[in-house]
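What follows is a short report on a single structure.
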Amino acid sequence: MNAVKRNQLKKILARRSFAGLMELYEQNFNLLKLLLPDIVKIPDKLISRISGSPDLYLTIQERCKYTTTILLTYYFPVSEQESVANPGLVIKIYHDAGQAEAMACMKTGFMPVEHSHRNKQPYVDCRWQSNVFVEKWLRFTIHQGHIFSMQAIQSNQVDQVECATECLDR
């Protein structure tokens with residue numbers, strides 16, 4: 001990460017506020033554009049395989065005119081028949097606004113804070129923690145060399161998965 005981007009991120013992190021959260025959503029959107037440059041064209045279920053890195057699974061859960069919801073995760077074996085998704089990130093991408101928001105992290109992860117209209121601070125704090133994690137994890141996966149692009153699919157760096165159970169029912 002160059003010094004300019006590092007300073008920009010430090011400024012965002014210093015502003016733990018709703019406005020700072022919106023800036024973090026923009027940063028996550030920009031990182032997802034690097035990871036998913038061909039999001040409109042790619043199939044709904046893909047696996048990125050990089051030597052020395054766990055396989056990264058992408059499932060597009062919903063495609064709408066202005067948004068796309070994705071699941072990004074690694075799968076780790078817990079027994080011979082069972083694997084667990086970790087971190088199991090569900091991210092909503094707002095194409096028109098240029099933002100991406102963590103909607104959930106794992107099934108019992110750190111996101112399930114109730115949104116209260118009376119006290120918005122727990123909501124902002126929860127979203128803040130989750131989206132800072134997303135930002136760091138996206139940087140990590142990109143640094144490893146993961147990318148879901150048509151070129152990666154054609155060069156067999158990314159595998160298309162036909163069966164939904166391969167990505168979702170582990």
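The values are calculated or read from the model by the stated rules, or taken from the named source; none is laboratory data. Please read all numbers here as calculations on a predicted model, not as lab measurements. Using ideal geometry, Cβ is built from the backbone for each residue, glycine included, and neighbour counts are taken over all protein chains shown.
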Within the stretch 71-87, is even one residue under 24 Å from D125 (Cα atoms) and in contact with a Cys (Cβ under 6 Å, 6 or more places away or on another chain)?
yes
How many residues of the stretch 110-157 are assigned to a loop (DSSP other than H, G, I, E, B) and modelled with pLDDT under 75? The answer is 12
For V78, work out the one condition from (1) more than 23 Å from K33 (Cα to Cα); (2) of a type outside the set (S, T, Y); (3) modelled with pLDDT of 90 or more it doesn't fulfil.
(3)
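Restricting to the stretch 15-58, and then to whatever is outside any strand (DSSP E or B) and of a type in the set (S, T, Y), can you tell me which residue is nearest to F133 (Cα to Cα)?
Filtering the stretch 15-58 for residues that are outside any strand (DSSP E or B) and of a type in the set (S, T, Y), the one nearest to F133 (Cα to Cα) comes out as Y25.
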If the Cβ limit is 6 Å and pairs must be 6+ apart or interchain, which residue in the stretch 124-151 that is in contact (Cβ under 8 Å) with a residue 12 or more places away in the chain pairs with which residue that is among the charged types (D, E, K, R)?
W128/R16; S149/D38; M150/D38; M150/K41
Look at L71 and say whether it is assigned to a strand (DSSP E or B) and either surrounded by 17 or more Cβ atoms within 10 Å (Cβ to Cβ) or modelled with pLDDT under 90 (or both).
yes
For the stretch 28-41 the number of residues that are at pLDDT 90 or above and either surrounded by fewer than 17 Cβ atoms within 10 Å (Cβ to Cβ) or touching a Leu at 6+ places or on another chain (Cβ under 7 Å) (or both) is 8
Identify, by number, the condition in (1) at pLDDT 85 or above; (2) polar (S, T, N, Q); (3) in contact with a helix residue (DSSP H, G or I) (Cβ under 8 Å, 6 or more places away or on another chain) that Q160 doesn't meet.
(1)
Please go through the stretch 42-68 and give me each residue that is among the aromatic types (F, W, Y) and surrounded by fewer than 18 Cβ atoms within 10 Å (Cβ to Cβ), ordered by number.
Y66
